[in-house]
Amino acid sequence: MRIKKGEFNTMQAVYEYPPKLSRSERMVKAAHDLEEHKKMQRNMYKNLALGAVIIAIGIVFVKVTAVKILLVLLGLCNCSVGGLMYWYYALSRDAEVYTRIYDDHIEHSQRQGLSKSYLHICLYYDEVERSYQTNKGRLVCVLKSVERSSFKLMDKAGVEKVFVPKEGSIALSFQDTKGKLVLINDFYEQIGYPHKEYNKIEDDDDYYSEEDMKWDKLHKHGL
């Protein structure tokens, strides 16, 4: 049943990311996140400063052109590494990204590329024909119908518009690996994900008799 605007979804989620925390847990997490943010900022500034020093040395003190170019490139790479690490950290703390898995559907929000737009997904399992993973780890769901499911794209200004899946499929990217594992391990039948059953080897035969156990307690097989 689709939840109308103004109503509350009382269904219990099987899995939720980010997890709900108590007031005390939120306070501890906030303090930890603030410390991590300061640490990442310091690392970024160190990389930028070191990169600037390397570039300055290359431009001012080095006379050989080849070495000068090499040092400038090395400095630029060092600056880029610092910026990319900080950017990746910021993405991993994105509050607009979430995953809520229910018995019959998934509610999911993911960032669209490098932009500040977000794709909000409400996908019902019975409208999924099959699913598979890409080499980048995205879970692609091929749709057989779109009646209850909804896909909405929200830009950085907060304007929301309907998103139409290309070629009848939607690619889910997960910030947390566990959410994807819950889907493909516990809901593989509902989403048509290929699931391989492994044969369990069980030895029901009692290799050791009571007499054997008296003299071979260490299971050395008479050796």
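Read the figures in this text as sums done on the coordinates, not as results from a lab. What you see is a predicted model, and the numbers here were worked out from it, not measured in a lab. Cβ atoms come from the backbone with ideal geometry, glycine included; neighbour counts cover every protein chain shown.
Laid out as a table, the results:
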quantity	calculated
Percentage of interatomic Cα-Cα distances in region 112-153 larger than 14 Å	58 percent
As computed over region 15-74, the Cα convex hull volume per residue (Å³)	73 Å³
Ranked by how many other beta carbons lie within 10 Å on average, peptides 143-152, 50-59 from highest	50-59, 143-152
Length gained when the stretch Arg148-Lys161 is fully extended (0.36 nm per residue, less Cα-Cα span)	3.0 nm
Asp186/Lys39 FRET efficiency (R0 41 Å; Cβ-Cβ; nearest 0.05)	0.70
